[in-house]
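The block underneath contains the structure these notes are about, expressed in structure tokens.
The values are calculated or read from the model by the stated rules, or taken from the named source; none is laboratory data. All values derive from a computational prediction rather than experimental measurement. With ideal geometry, Cβ positions are generated from the backbone for all residues, glycine too; neighbour counts draw on all protein chains shown. Note: accessible area is taken over every heavy atom of the protein model, side chains too, but ligands, DNA and RNA are not part of it. Shrake-Rupley method; radii C 1.70, N 1.55, O 1.52, S 1.80 Å.
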Amino acid sequence: MRVCSLGSGSKGNCIYINVEGHGIIIDNGLSCRELNNRMKSIGLDIMDINHILITHDHSDHIKGIGILARNTNAVVYAHPQCYKAIADRVGDVNYCGDNENFENGFKIGDVFIKPFRTPHDAAYSVGYRIEGEGKTFALATDLGVVTDSILKHLKGTDITIIESNHDINMLKKGSYPEQLKRRIMSNRGHLANIETAMAVNKLAESSKRFLLAHLSEDNNLKKLAFHETNNVLKRLGATKSDISLDILDQYIPSKIYDI
């Protein structure tokens, strides 16, 4: 299984996974040209994308879906309520169909895809757990709170992408309107660094590699997000050899993680 981020943040999100020979992306908020350039820069080919998983209907996750799906003929997967919210914006694509049992999971060849509900102010928001080649990947971004159900889906992974959106003090003291601040801090908004750290604290016993994602450009710093979670791990007694912790960038593709 190979995993990389092609962009993570409010300017566009896209995660690439290759497993069992299937090229899968989760979301695409990038233009097709930008996605192609970023993939080429790390030795990937946009035409190897066969499947597109969608987490929710916000533009930073779906604005590049339509052209990408038509150019690659990739199959698009989304909860029916989510797809209904985006259908006009993505246009004619090869949608897998109105699967009312979407959250029960489905297979792409021998790869098992398990969507799980996430609390976010969207039409229908999910994260994904992907199992194949004896490896497990999970992603949970754009969520206001980490529930016990979400923790269950993030446990026992080989690599986990989890949101660490904002530093609570930066957000409170920042220039955002009060209504937007309340929305971000709500249980249907985004995770603060300390909330992410507490979640990783609970997951660290069974999962050892974490990528912190969807950092706010206005209300966070990479060093703050990293130190918040890293300090919690240190208090657990974790060392650098025990757990891997990295930060995903908005504009620069990550390295390719071979797991």
Fill in: Overall form of the range 122-232 per C-alpha gyration tensor (a/c, 1.5; a/b vs b/c)
prolate
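Working from the pairwise distances between different alpha carbons, so that the mean of 1/r is found and then inverted, what is the chain's Kirkwood radius in Å? Don't skip to the answer; put the middle values down first.
Details: mean 1/r = 0.0549 Å⁻¹.
Taking the inverse mean of 1/r over all distinct Cα pairs, the chain comes out at 18.2 Å.
What does the extension gain come out to for LEU236 and LYS84, with contour length at 0.36 nm per residue minus their alpha carbon separation?
50.3 nm
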Worksheet entry | Vicinal HN-Hα couplings computed from phi for the range 80-93 (Karplus, 6.51 cos²θ - 1.76 cosθ + 1.60; Hz; Gly/Pro x) | x, 5, 5, 5, 4, 6, 10, 3, 5, 7, 8, x, 6, 9
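Provide the packing ranking of 184-197, 93-106, 245-258, i.e. peptides ordered by the mean count of other C-beta atoms within 10 Å per residue, highest first. Each step should come with its number before you reach the end.
Values: 184-197: 20.5, 93-106: 14.1, 245-258: 16.8.
Highest-to-lowest ranking by the protection proxy: 184-197, 245-258, 93-106.
Taking the Cβ of VAL111 as the center, what net charge do the other residues with Cβ under 9 Å away carry, scoring Lys and Arg +1 and Asp and Glu -1?
Neighbour charge sum, excluding VAL111 itself: -3.
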Fill in: Residue-normalised accessible area of the chain, expressed per residue, 1.4 Å probe, Å²
43 Å²
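If I take R0 = 25 Å and measure r between the Cβ atoms of ASN169 and THR147 in this structure, what FRET efficiency does the formula 1/(1 + (r/R0)^6) give, to the nearest 0.05? Numbers along the way, then the final one.
Working: r = 25 Å, r/R0 = 0.99.
About 0.50, to the nearest 0.05.
Tell me, what is the percent relative contact order of the chain, built from C-alpha pairs under 8 Å that lie six or more residues apart?
Details: 588 pairs, mean separation 51.1, N = 259.
Here the relative contact order equals 20 percent.
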Fill in: Burial ranking of peptide ranges 124-137, 165-178 (average Cβ count within 10 Å, highest at the top)
124-137, 165-178
Item to complete: Figure the gain on full extension for ASN37 and ARG182 (residue separation times 0.36 nm, minus the Cα-Cα span) and round it to one decimal in nm.
Response: 48.6 nm
Worksheet, complete the sentence: In the chain the accessible area split gives carbon plus sulfur, as whole percent at 1.4 Å, a share of 46 percent
Discussion item. As a quick test, which of the pairs LYS40/LYS172; LYS63/LYS222; LYS181/LYS202; LYS107/LYS181; LYS40/LYS84; LYS152/LYS234 have an alpha carbon distance above 29 angstrom in this structure?
Written reply: LYS40/LYS172; LYS107/LYS181; LYS40/LYS84
Fill in: Value of relative contact order over the range 146-254, rounded to a whole percent, pairs C-alpha under 8 Å and six or more apart
34 percent
